[in-house]
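To start, the structure itself, in structure tokens.
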Amino acid sequence: MGIDMNWLLLIVAGLFEVGFTTCLGKAREASGAASTWWLIGFFACLAISMFLLYRAVQTLPIGTAYAVWTGIGAAGTVLVGILLFKEPADFWRMLFLFTLIASIVGLKVVTR
């Protein structure tokens, strides 16, 4: 698998990381059977995310891949928190979110 395909797998793995953190948040708010379904979603997203991360690091540097994976997950989870869970979107939070995203893009640009 080529390096560009592994970057795509890494991005999708990061999105599934956002999925598993979102499921955790929804499970916290739910009760009964709904909570169980959110936990099943959590474990499914977790497994997919880890598998795709594993595949991506076959050709990408592990340090860069892990940093990008966690960065996508962190940035995406902050955005989900703001949009879905009504968390604050103040100036400092958005500034640091922007710098996190800029760092992820920078790692992609400088990694061969």
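Checking the a/c ratio against 1.5 first, then a/b against b/c, what shape does the Cα gyration tensor give for the stretch 38-79? The partial results should precede the final answer.
Values: a/c = 4.16, a/b = 1.36, b/c = 3.06.
Oblate is the answer for the stretch 38-79, as a/c is 1.5 or above yet b/c matches or exceeds a/b.
So what is the 222 nm mean residue ellipticity for the chain from helices alone, if each DSSP H run of at least 4 adds -39500 (n - 2.57) and you divide by all residues, rounding to the nearest 500 deg cm²/dmol?
Roughly -29000 deg cm²/dmol at 222 nm, from the helical runs in the chain.
Considering Cα pairs under 8 angstrom that are at least six residues apart, work out the relative contact order of the chain and quote it in whole percent.
32
Can you classify the stretch 6-67 as rounded, prolate or oblate using the Cα gyration tensor, where a ≥ b ≥ c are the square roots of its eigenvalues, rounded means a/c under 1.5, and otherwise it's prolate if a/b beats b/c and oblate if not?
Cα axes put the stretch 6-67 in the prolate bin.
With springs only between Cα atoms under 10 Å apart, run a GNM on the chain and tell me which of Leu95, Leu46, Leu15 wobbles the most.
Comparing Leu95, Leu46, Leu15 in the GNM, the peak value goes to Leu95.
Apply the a/c threshold of 1.5 to the C-alpha gyration tensor of the stretch 65-112 and tell me whether it is rounded, prolate or oblate.
oblate
Helix 62-83 sits at what angle to the longest principal axis of the chain, using alpha carbons and giving 0 to 90 degrees rounded to 10?
30
FYI, it's all coordinate maths here, none of it is from the lab. Given the structure is predicted, the values throughout are model-derived calculations rather than measurements.
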